[in-house]
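Every read-out reported here was derived from the displayed coordinates using simple, explicitly stated rules and does not represent laboratory data. Note that the structure is predicted; figures quoted are calculated from it, not measured. Every residue, glycine among them, receives a Cβ derived from its backbone with ideal geometry; neighbour counts consider all protein chains shown.
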Amino acid sequence: DGGITQSPKYLFRKEGQNVTLSCEQNLNHDAMYWYRQDPGQGLRLIYYSQIVNDFQKGDIAEGYSVSREKKESFPLTVTSAQKNPTAFYLCASSASTGYGYGYTFGSGTRLTVV
Amino acid sequence: GQNIDQPTEMTATEGAIVQINCTYQTSGFNGLFWYQQHAGEAPTFLSYNVLDGLEEKGRFSSFLSRSKGYSYLLLKELQMKDSASYLCAVRDNTNAGKSTFGDGTTLTVKP
């Protein structure tokens, strides 16, 4: 079955470390997105990509980086510059930016700074 | 940019009907989505409106008025499993098609 796979499900990071969250989709979707969710809040956009080798900053990109070397993969790196990284991270994809295409989400990665 | 408002919490009784409202102010609009999110899980797509009016899908319906910047999600014949957070999201009209989300409405269904 097609879908989006995020790994790991839980991740613990020491202060000062960089960590990379994996996101892989086999839906043949062009657009991919990374969102962050804090308790009791909605989703905030970190980065997004419409095509391979191209990506744009979202509303809260500082302290994060991404790459889009393959259509299927959109990994997110949380750098040591991100001062408050503890959150639930969601990767999403969309078939098209045209009519009616909602997001398909991965199951999320819960990142905790220890 | 986008600004989206929805109530923080709602409570309803099993078997009843509940309406969750969403208002938005936007600089560009290309559709409004509703997602359901159970605690600790990822959101799942419920509905999409881009034209004014009502879209019905089984027990769930969603309404849009673009002139008023207003939408609602109507849930009928509530079941305990409908206890979840409901997220309203507005997609912009750029080529990126990215969505801005409200903070979500936590619905508790009681027996």
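Mind checking which aspartates and glutamates have their Cα closer than 12 Å to the Cα of A:K83? Skip sequence neighbours fewer than 8 apart in that chain.
Straight-distance partners of A:K83: A:E15, A:E62.
Excluding residues fewer than 8 places away in the same chain, name every one of the lysines whose C-alpha is closer than 19 Å to that of A:K70.
Within reach: A:K57.
How big is the antiparallel share of DSSP beta bridges in chain B, given as a percent to the nearest 5? Numbers along the way, then the final one.
Working: 38 of 43 bridges.
Restricted to chain B, the bridges split so that about 90 percent are antiparallel.
What are the lysines whose alpha-carbon lies under 24 Å from the alpha-carbon of B:K81, with same-chain residues fewer than 8 places away excluded?
A:K9, B:K57, B:K110
Calculate the length of the line joining the C-alpha centroid of segment A:70-97 to that of segment B:58-111, in whole Å.
A separation of 24 Å, based on Cα centres.
I'd like the FRET efficiency for A:T112 and A:E62, computed as 1/(1 + (r/R0)^6) with the beta carbon distance as r and R0 of 22 Å, rounded to 0.05. Walk me through the numbers on the way to the answer.
Working: r = 20 Å, r/R0 = 0.91.
According to the calculation, E is roughly 0.65.
Pairs of alpha-carbon atoms within less than 8 angstrom and 6+ residues apart define the contacts here; what relative contact order does segment A:6-98 have, in percent? Intermediate values should be presented prior to the final figure.
Values: 193 pairs, mean separation 32.7, N = 93.
35 percent.
Could the peptides A:67-77, B:99-109 be put in order, highest first, of the mean number of other beta-carbon atoms found within 10 Å of their residues?
Working: A:67-77: 16.5, B:99-109: 20.8.
Taking the mean over residues of other Cβ atoms within 10 Å, the ranking is B:99-109, A:67-77.
Out of every Cα pair in segment A:2-114, what percent are spaced more than 22 Å from each other? Write down the numbers at each step before the final one.
Details: 1609 of 6328 pairs.
Value for segment A:2-114: 25 percent of Cα pairs lie more than 22 Å apart.
Over chain B, what is the relative contact order in percent, taking alpha-carbon pairs closer than 8 angstrom and at least six residues apart? Present the calculation step by step, with values, prior to reporting the outcome.
Values: 284 pairs, mean separation 40.6, N = 111.
The normalised contact order for chain B reaches 37 percent.
Which whole number of Å³ per residue matches the convex hull of the alpha-carbon atoms in the protein assembly as shown? Numbers along the way, then the final one.
Numbers: hull volume 27.2 nm³, N = 225.
Taking only Cα atoms, the protein assembly as shown has a hull volume of 121 Å³ per residue.
Counting partner chain Cβ atoms within 10 Å of every residue's Cβ in B:100-107, what's the average? Walk me through the numbers before you get to the answer.
On the way: counts 6, 8, 3, 6, 5, 0, 1, 0.
Partner Cβ neighbours, averaged per residue: 4.
Would you mind checking segment A:31-60 for residues with the amide N under 20 Å from a putative spin-label position 7 Å along Cα→C-beta of B:E9?
The answer is A:38-43, whose backbone nitrogens lie closer than 20 Å to the label point.
Of all alpha-carbon pairs in segment B:1-95, indicate the percentage at a distance above 23 angstrom. Mind dumping the intermediate values first?
Numbers: 979 of 4465 pairs.
Value for segment B:1-95: 22 percent of Cα pairs lie more than 23 Å apart.
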